[in-house]
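Visitor: Following this message is one structure expressed as structure tokens.
The values are calculated or read from the model by the stated rules, or taken from the named source; none is laboratory data. Note that the structure is a prediction, hence the values are computed from the model and not measured. In this analysis, Cβ positions are derived from the backbone assuming ideal geometry, glycine residues included, and neighbour counts consider all displayed protein chains.
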Amino acid sequence: MKQYTRLGWLLITSFILDQYLMTMKQDLTKTFKQYYTATSEPALATMEKGLFLTIAGQGDPNGAGFADATAALYAVAYGIKFNSKDKGHDFTVSKLEGFWWVEDVTTDPLKVPRDRWHYELAIRIPDEITRQQFSEALLAAEKKKKSSEIRKVDYKEIAEGLCVQLLHTGAYSEEPASLKKMDDFMHQHGLKMNGRHHEIYLSDFRKTAPEKLRTILRHPVSR
């Protein structure tokens, strides 16, 4: 009889634990703390591969095309979130990121007209999210939003490896000073650019004063 009582308590405890885990919401900025952390001075960091939703485009970040791409990315991200929540795994939609480049790598990007900038926007998602879940969210978002941009959203792994990074605090227009620090650091340590300029937007620009915006600037490098 005691054996059955013990078994009963184990089953009850297991059930309660399962219910508790189902109500927990994963915060990716805590799960992948290193990925979302940088210091105010340039430093080296190694970034392992992660799973992302992405959408690529070209044009001025203040333009309508950029806004449409951002909206499409979030539509799919929230679709995956709610699909995952229904299956017992809730998570917070993470920070918006941008990978930026220009066609001529020998040209200073800041001297290239903004309408010729290339970008790939990204949002990190839990590693457990499957391609099937992505496909389901993509179809649902297409039906709901009726936007041609939705179909451009992709599901991929990104691994930057060794990087130089810095936490920039201030307006986006003031980033060149921080980028200069990163360039100087790379030169001093015999490093060269080995990928695209990467920004992680820790602050919501709609709710944050320009001088308080926090943005991680990251450059993949090689020796």
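Visitor: Could you list all residues from segment 136-194 that are aromatic (Phe, Trp, Tyr) and either without any contact (Cβ under 8 Å) to a residue 12 or more places away in the chain or closer than 21 Å to Leu121 by Cβ (or both)?
Guide: Step one: list which residues in segment 136-194 are aromatic (Phe, Trp, Tyr), which gives 155, 172, 185.
Of everything in segment 136-194, those that are aromatic (Phe, Trp, Tyr) and either without any contact (Cβ under 8 Å) to a residue 12 or more places away in the chain or closer than 21 Å to Leu121 by Cβ (or both) turn out to be Tyr155, Tyr172.
Visitor: Quick one: which of Leu44, Leu110, Leu121 is outside the structural domain of Leu179 (by TED's automatic domain parsing), closer than 18 Å to Arg196 by Cα and outside any helix (DSSP H, G or I)? Explain how you work it out, then say what you get.
Guide: Details: Leu44 fails: outside the structural domain of Leu179 (by TED's automatic domain parsing); Leu110 fails: outside any helix (DSSP H, G or I).
Testing whether each residue is outside the structural domain of Leu179 (by TED's automatic domain parsing), closer than 18 Å to Arg196 by Cα and outside any helix (DSSP H, G or I) leaves just Leu121.
Visitor: Sticking with this structure for a sec: Among the residues of segment 81-90, are any more than 24 Å from Asp27 (Cα to Cα) and not assigned by TED's automatic domain parsing to the domain that holds Pro220?
Guide: Filtering segment 81-90 for residues more than 24 Å from Asp27 (Cα to Cα) gives none.
There is no residue in segment 81-90 that is more than 24 Å from Asp27 (Cα to Cα) and not assigned by TED's automatic domain parsing to the domain that holds Pro220.
Visitor: Under 6 Å by Cβ, and 6 or more places apart or on different chains, what pairs join a residue from segment 22-48 that is β-branched (Val, Ile, Thr) with one that is not in a strand (DSSP E or B)?
Guide: Going by the 6 Å Cβ cut-off, the qualifying pairs are Thr29/Tyr36.
One line per residue, one yes/no per condition, for (1) farther than 23 Å from Glu160 by Cα; (2) surrounded by 15 or more Cβ atoms within 10 Å (Cβ to Cβ); (3) at pLDDT 95 or above:
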{"residue": "Val76", "(1), (2), (3)": "yes, yes, yes"}
{"residue": "Ile80", "(1), (2), (3)": "yes, yes, yes"}
{"residue": "Asn83", "(1), (2), (3)": "yes, yes, no"}
{"residue": "Gly88", "(1), (2), (3)": "yes, no, no"}
{"residue": "Val93", "(1), (2), (3)": "no, yes, yes"}
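Yes/no matrix, rows are residues, columns are (1) touching a strand residue (DSSP E or B) at 6+ places or on another chain (Cβ under 6 Å); (2) farther than 30 Å from Thr46 by Cβ; (3) in the same structural domain as Ala77 (by TED's automatic domain parsing); (4) in a helix (DSSP H, G or I):
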{"site": "Phe134", "(1), (2), (3), (4)": "yes, no, yes, yes"}
{"site": "Lys144", "(1), (2), (3), (4)": "no, yes, yes, yes"}
{"site": "Ser147", "(1), (2), (3), (4)": "no, yes, yes, no"}
{"site": "Glu175", "(1), (2), (3), (4)": "yes, no, no, yes"}
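Visitor: Continuing with the same structure: Return the only residue of Tyr119, Tyr155 being crowded, with 17+ Cβ neighbours inside 10 Å and touching a Leu at 6+ places or on another chain (Cβ under 7 Å).
Guide: Result: Tyr155 is the single residue among Tyr119, Tyr155 that is crowded, with 17+ Cβ neighbours inside 10 Å and touching a Leu at 6+ places or on another chain (Cβ under 7 Å).
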